[in-house]
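Structure record follows, encoded as structure tokens.
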Amino acid sequence: MQNYINEAKEGKRISFKGFAVDSKSANFRGFEGSRHALGERDILIEILFAGICHSDIHSARSEWHEGIYPMVPGHEIAGRVVAVGEKVSKFKPGDYAGVGCMVNSCGECESCKEGREQFCDNGKMVLTYDCKDCFHNDEPTYGGYSNNIVVSEDFAVCVPQDAPLEKVAPLLCAGITTYSPIKFSKVGKGSKVAVAGFGGLGVMALKYALKLGAEVSVFARNKNKEAEALKLGAKALYTTDSLANVKERFDFIISTIPTRYDPMEYVNLLKHGGELAIVGLPPTGESVENDMTRLVFAANKKVYGSMIGGIAETQEMLDFSLKHKIYPETEIITADKIDEAYHNLTSGKAKFRYVIDMKKSFGRT
Ligand code: NDP
Ligand code: ZN
């Protein structure tokens, strides 16, 4: 039995091994640390797969704020429950579980009670990594590029035994972040939808919108993934160098773009009353400043931002995805390839989602 399972059972701090960066320009290295002891409503998960989200890159490179180092990223986590606190009711050892971007929140404010824990009114939402955990003496959180994680059972979702875990992991962020605004904007049969930014999130948005009966086009910087887009069911792939020439108009556009761009170019592609959901998070200082009068002249179109989704909605998304076999497009790697994956994701060489096989990375059987 792994040492950390005994530690959990004995109420000790839980040791883990992972992969960390020490600064915004560092490469990944092996890391050993400890997590808080198993609380009565916590579960300990042996991590089997962890997706690489572009947010991991923004965080590791301090592109939004100065990161907390050493940093172990990873918020697309799927694994097996190996120990549970005495008051845990949702999980038992042997169950599969998933963890996304959050590991805790106050649970008492209006947002938490209404299932929008990511917007906790008391500012107590604890991110899976690169965050101070206000429920555990402000110690830093460490994410999923590791062999285990301890999390409140309220922040883990139930994964059935027959689910393909390597496909489940990216659903915990890429899945929910696209599912949530697609539902919020009531995308359905006959909706004309566009997906801007066709990477890990974009491909999920395409698949959900298609499943709900929409006609979906894709906007990308080049034609590299045109064949994949069409094969997956997209109506067309437009390149972003000629947006002004696009004649189609859309009911709903989701932007997953992680670099500098002008959202108004997409507002201009909406129909009257259409909605633009922004989920992509370019580095701080790289957003285009907009004169609000442009929105006035754009006439009755709606622009909103969306951040992941609450826990209940994440479970709903997972159940929906498994029921309809809506999975990410994945490439499985081992942890020694994380630096290369980051390079590919920022230089247009990546396809969709890299997923780290944690067992293989640690040589476990
Ligand atoms: P990926 O790197 O997998 O995909 C991004 C895609 O956008 C790539 O295909 C890239 O293409 C494309 N792209 C880059 N710049 C442009 C541009 N100017 N116009 C059109 N397409 C462009 O990233 P993810 O899908 O993992 O994440 C996307 C963004 O979403 C990130 O900023 C991430 O932080 C954010 N995010 C936000 C969340 C939220 O809750 N709101 C949750 C999760 C992620 P190319 O190959 O040409 O580079
Ligand atoms: Zn993410």
- In region 165-176, is there at least one residue being more than 16 Å from ligand 1 (Cβ to nearest atom), more than 13 Å from the chain's Cα centre (by Cα), outside the structural domain of Glu32 (by the TED database) and at pLDDT 95 or above? yes
Against the condition aromatic (Phe, Trp, Tyr), at pLDDT 95 or above and crowded, with 20+ Cβ neighbours inside 10 Å, how does Tyr304 come out, does it pass? no
Checked against (1) in a loop (DSSP other than H, G, I, E, B); (2) among the hydroxyl-bearing types (Ser, Thr, Tyr); (3) under 15 Å from Val195 (Cα atoms), Tyr266 satisfies every condition except (1)
Taking region 100-136 and keeping only residues that are under 19 Å from the mean Cα position of the chain (by Cα) and of a type outside the set (A, V, I, L, M, F, W, C), one is left with Gly100, Asn104, Ser105, Gly115, Arg116, Glu117, Gln118, Thr128, Tyr129, Asp130
Here the residues within region 115-135 that are surrounded by fewer than 17 Cβ atoms within 10 Å (Cβ to Cβ), touching a residue at least 40 places away in the same chain (Cβ under 8 Å) and of a type outside the set (Phe, Trp, Tyr) are Gly115, Lys132
Hey, any hits in region 329-350 for a residue that's more than 21 Å from Ala60 (Cα to Cα), in contact (Cβ under 8 Å) with a residue 40 or more places away in the chain and either in contact with a helix residue (DSSP H, G or I) (Cβ under 9 Å, 6 or more places away or on another chain) or not assigned by the TED database to the domain that holds Gly273 (or both)? yes
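Please work out if Ser62 is of a type in the set (Gly, Ala, Ser), on the phi > 0 side of the Ramachandran plot and within 16 Å of ligand 1 (Cβ to nearest atom). Give the derivation first.
Working: of a type in the set (Gly, Ala, Ser): yes; on the phi > 0 side of the Ramachandran plot: yes; within 16 Å of ligand 1 (Cβ to nearest atom): yes.
For Ser62, the condition - of a type in the set (Gly, Ala, Ser), on the phi > 0 side of the Ramachandran plot and within 16 Å of ligand 1 (Cβ to nearest atom) - is met.
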Flagged in region 191-223 as out of contact with any strand residue (DSSP E or B) (no Cβ under 7 Å at 6 or more places or on another chain), within 12 Å of ligand 1 (Cβ to nearest atom) and in a helix (DSSP H, G or I), in numbering order, are Leu201, Val203, Met204
In region 30-63, anything in a strand (DSSP E or B), buried (at least 18 other Cβ atoms within 10 Å of the Cβ) and not β-branched (Val, Ile, Thr) is listed as Phe31, Arg35, Asp42, Leu44, Glu46, Leu48, Phe49, Ala50, Gly51
Of the listed residues (Gly79, Gly51, Gly33, Gly67), the one being under 21 Å from Arg364 (Cβ atoms) and within 16 Å of ligand 2 (Cβ to nearest atom) is Gly51
Inside region 283-309, the number of residues satisfying the requirement of being over 17 Å from Ile253 (Cα atoms) and within 16 Å of ligand 2 (Cβ to nearest atom) is 2
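When the residues of region 104-114 are narrowed to those that are in a loop (DSSP other than H, G, I, E, B) and exposed (fewer than 15 other Cβ atoms within 10 Å of the Cβ), which ends up farthest from ligand 1 (Cβ to nearest atom)?
Of region 104-114, the ones in a loop (DSSP other than H, G, I, E, B) are 105-109, 114.
When the remaining residues are screened for being exposed (fewer than 15 other Cβ atoms within 10 Å of the Cβ), the result is 107-108, 114.
Details: Gly107: 20, Glu108: 23, Glu114: 18 Å.
Applying the filter and picking the extreme gives Glu108.
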TODO: Determine whether Gly273 is outside any loop (DSSP other than H, G, I, E, B) and at positive phi.
DONE: yes
With criteria (1) more than 24 Å from Asn290 (Cβ to Cβ); (2) more than 23 Å from the chain's Cα centre (by Cα), Arg249 comes up short on (1)
Exactly one of Lys12, Lys24, Lys87, Lys17 is within 15 Å of Ile356 (Cβ to Cβ) and of a type in the set (Lys, Arg), and that one is Lys17
Conditions (1) in contact with a His (Cβ under 6 Å, 6 or more places away or on another chain); (2) surrounded by fewer than 23 Cβ atoms within 10 Å (Cβ to Cβ); (3) of a type outside the set (Phe, Trp, Tyr) -> Cys101 fails only (2)
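Quick test for you: out of Ser62, Ser89, pick the one residue that is of a type outside the set (Phe, Trp, Tyr), at pLDDT 95 or above, more than 16 Å from ligand 2 (Cβ to nearest atom) and under 24 Å from the mean Cα position of the chain (by Cα).
Working: Ser89 fails: under 24 Å from the mean Cα position of the chain (by Cα).
Result of the check over Ser62, Ser89: Ser62.
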In region 137-190, anything away from ligand 2 (no atom under 13 Å from the Cβ), assigned to a helix (DSSP H, G or I) and over 30 Å from Leu270 (Cα atoms) is listed as Glu153, Asp154, Phe155, Leu165, Glu166, Lys167, Val168
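The values are calculated or read from the model by the stated rules, or taken from the named source; none is laboratory data. All values reported here derive from a predicted model rather than from experimental measurement. Virtual Cβ from ideal backbone geometry, glycine too; neighbours counted across all protein chains shown.
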